[in-house]
1. Going through the cross-link list LYS98/LYS163; LYS163/LYS356; LYS163/LYS237, which pairs have a Cα-Cα distance over 31 Å in this structure?
2. Rounded to the nearest 0.05, what FRET efficiency is calculated for ASP346 and SER130 with R0 set to 35 Å and r the Cβ-Cβ distance?
3. What shape does the range 169-297 have by the C-alpha gyration tensor, where a ≥ b ≥ c are the square roots of the eigenvalues, rounded means a/c under 1.5, and otherwise prolate means a/b greater than b/c and oblate the rest?
4. Given a 1.4 angstrom probe, I'd like the percentage of the accessible area of the range 183-269 that is carbon and sulfur, rounded to a whole number.
5. Roughly how many Å is it from the Cα centre of the range 343-361 to that of the range 130-171, as a whole number?
6. Between VAL76 and THR317, what length comes free when the chain is fully extended (0.36 nm per residue of separation minus the Cα-Cα distance, one decimal in nm)?
7. I want to verify a result. In a Gaussian network model of the chain, Cα cutoff 10 Å, which of these has the top mean-square fluctuation: ASP167, ASP255, ASP334?
8. Suppose every K and R has +1 on its Cβ and every D and E has -1 on its Cβ; what is the size of the dipole of the range 87-222 about the Cα centre, in Debye to the nearest 20?
Amino acid sequence: MDRRRIVDTDKVTVNPATPEPQEQPVKTPVPLTQTAPSADEMERAYDLLQELEWSFAQLPILHAASEAGLLGLLAVEDDVTASHASETLGLHPVATVKVLRALAAMGLLYGAEETFSMCHGFRPLFDPGSHIHHADGGRHLFHLSQMWARELPGWLRTGEWTKTPRDADAQARFVASMRALAYGMTGRLAEALELDSSAHLVDLGGGLGTYAIELCLRNPALRATVIDQEAVIPHTKREIQRHGLSHRVSALGGDYFHVPLPEDMDVALFANVLHQEQPDGAAALIARAGAALPAGGRAVVVDFALDESRASPPMGTFFAINMRLFGDTYTPGDYRDWMTAAGLGDVTRTPLGPNKVMVVGHKPA
């Protein structure tokens, strides 16, 4: 029996042997008349439905406020009045105050009537001068929502989703949006992943190298290689040069299933990559890393973490739809099983917020 450990951040458990399946009692259908909802249940359901249906408004409000410069202004000034914002940015005064109130209701601002300030945690994300400015990410998600509205009904019926090829400009915008969306997770990963004894991290499907760059900045002895598609690599190299890390971080173009892996790799990182693959593909990538790693090396997965029902948390289920038929989102148990099959043991699991998890497998000596 394989008893490789599954380690949580707060508890260590050992995988027990798989129990024998138990016979399940037959459930007798209950007549609909006996399951009629109460008046209170109907009211709660109606209120929830209204909230769900009107949630469509939040992304267009965010997008419009960002593109108009309103969020940028609020990120650098306190006690912004609607009249000041409308005059400064050339906006309609009544529309401005309504959008400000909506942003406050959404939790981004505090204030009342016509005077508002941005909550401090959001300011670096909307400050145009910040290195973690979120505008590219928000713009991508707004356009993604429009595509969903257009494509989702047909996809539900046929499984077909129109794919628009990206030209060079569209590819540049996409990779910039991925960088913006990744910033919040890079710091959490850097805090959670110990790399003091590691020499060479390979970031498979690493895009602009956002994770590899942050990890190298925090670990001065670490080197990294970023692997991604040929079309992405010129953008990756520019990002590496921008951070002054060309002597420690390299970029390699090609298919991550086939590009030769550096022989001295001791950490294989899959950050927001496995959801791009169906289970067989994800397992194959972990197996490839497991075969290439030396004794004591580690495979690290950072990705969405569905619970065992696969119906929560919401963001993970939404992103599964975003992957259409070519990819999916998975549970920590899936990542563990793929690592175990690849010969990796001592599998550890660390939450990185409400939707993501870091899973690390170690190659035995």
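The values are calculated or read from the model by the stated rules, or taken from the named source; none is laboratory data. Here the structure is a predicted model, which means the values were calculated and not measured. Note: ideal-geometry Cβ built from the backbone for every residue, glycine included; neighbour counts use all protein chains shown. Side chains are part of the model used for accessible areas, which takes the heavy atoms of the whole protein and leaves out ligands, DNA and RNA. Shrake-Rupley method; radii C 1.70, N 1.55, O 1.52, S 1.80 Å.
1. On the way: LYS98/LYS163 36 Å; LYS163/LYS356 27 Å; LYS163/LYS237 27 Å.
Beyond 31 Å between Cα atoms: LYS98/LYS163.
2. Values: r = 38 Å, r/R0 = 1.10.
Efficiency for this residue pair is about 0.35.
3. Values: a/c = 1.43, a/b = 1.09, b/c = 1.32.
It comes out rounded by the Cα gyration axes.
4. On the way: 1950 of 3820 Å².
So the carbon and sulfur contribution to the accessible surface is 51 percent.
5. The two parts, judged by their Cα centres, are 29 Å apart.
6. Values: separation 241, 0.36 × 241 = 86.76 nm, distance 3.53 nm.
Value of the extension gain: 83.2 nm.
7. ASP167
8. On the way: 12 positive and 14 negative charges, 82 e Å.
So the dipole magnitude of the range 87-222 works out to roughly 400 debye.
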